[in-house]
Amino acid sequence: MEMKIIQDTKNEVLNRREIIAEVTDKKVPSKDEVRKKLSALAEVDAKSLIIQKIDSEFGNPKMRVLANAYSDEKSMKNVEREYFLKRNFKEVKVEAPTEETAAAPAEEKKEWFKWI
């Protein structure tokens with residue numbers, strides 16, 4: 001994955017840097033991959049970097065990334081919308097289905113067939 005920063009604007013009012021970068025790759029990279037690479041390139045902390053959008057076009061290996069780099073996490077949480085924070089910093093938890101959750105859909109199906 002190749003990346004270069006096109007525009008880096010400092011926004012004093014919101015206490016952040018607004019970064020536009022261009023990524024060249026065969027496939028669309030994940031937000032985590034982009035965050036790691038962009039944080040190293042822009043010399044910011046990865047925990048305070050929000051990836052807003054990875055914009056790609058069909059058949060074009062170049063993608064445009066819109067990101068905001070905050071000076072601290074407190075200002076990031078005050079400014080950014082909650083769903084952006086959830087999208088960028090979600091923790092993946094894989095739970096095995098328990099007996100109760102696995103049996104619940106079968107019971108619903110039986111009740112549905114009673115009406116027919």
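The values are calculated or read from the model by the stated rules, or taken from the named source; none is laboratory data. Nothing here was measured: the structure is a model prediction, and the numbers come from that model. Every residue, glycine as well, gets a Cβ built from its backbone with ideal geometry; the counts of neighbours run over all protein chains shown.
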Would you mind telling me which numbered condition in (1) assigned to a strand (DSSP E or B); (2) at pLDDT below 95; (3) more than 21 Å from residue 78 (Cβ to Cβ) residue 27 fails? (1)
For the stretch 2-31, give me each residue that is touching a Pro at 6+ places or on another chain (Cβ under 8 Å), surrounded by 13 or more Cβ atoms within 10 Å (Cβ to Cβ) and either under 20 Å from residue 48 (Cβ atoms) or not charged (D, E, K, R) (or both). 23
I need every pair where a residue in the stretch 1-14 that is outside any strand (DSSP E or B) has its Cβ under 8 Å from the Cβ of a residue that is of a type in the set (A, V, I, L, M, F, W, C) and surrounded by 11 or more Cβ atoms within 10 Å (Cβ to Cβ), sequence separation at least 6 or different chains. 1/23; 14/79
Tell me whether the stretch 32-40 contains one or more residues that are part of a loop (DSSP other than H, G, I, E, B) and surrounded by 13 or more Cβ atoms within 10 Å (Cβ to Cβ). no
